[in-house]
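What follows is calculated from the coordinates using simple rules that are stated; it is not laboratory data. Quantities reported herein were computed from a predicted structural model and do not represent experimental measurements.
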Amino acid sequence: MPGVTTASAGRRTAGARAAPHGGPRSLALSMIMMLEGAFMLSRAARDPEPLRVAGRSMAESLRTAVAQAGAC
């Protein structure tokens, strides 16, 4: 797609899938999967951007989970 970078596509995809719906275990597994995928992409592309995107997505997921836990 013209005008769409790998990083912007990754943020949209990770953001859509990163919502912690299944509790702490699900959140932990999601974070591990994001990080593993980011490592693979980063090494293949020889670019650290996938790691940055994953880090931002993981931070947002954790903030959301903490906020939801505090609301209960």
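Annotations for the structure displayed:
- Sequence-ordered 3J(HN,Hα) estimates for segment 50-67 from the Karplus curve with 6.51, -1.76 and 1.60 and θ = phi - 60° stand at x, 5, 5, 4, 4, x, 5, 5, 5, 4, 5, 4, 5, 4, 5, 5, 5, 5 Hz, glycine and proline given as x.
- Residues whose placed amide H lies under 5 Å from that of Asp47, excluding near-sequence neighbours: none
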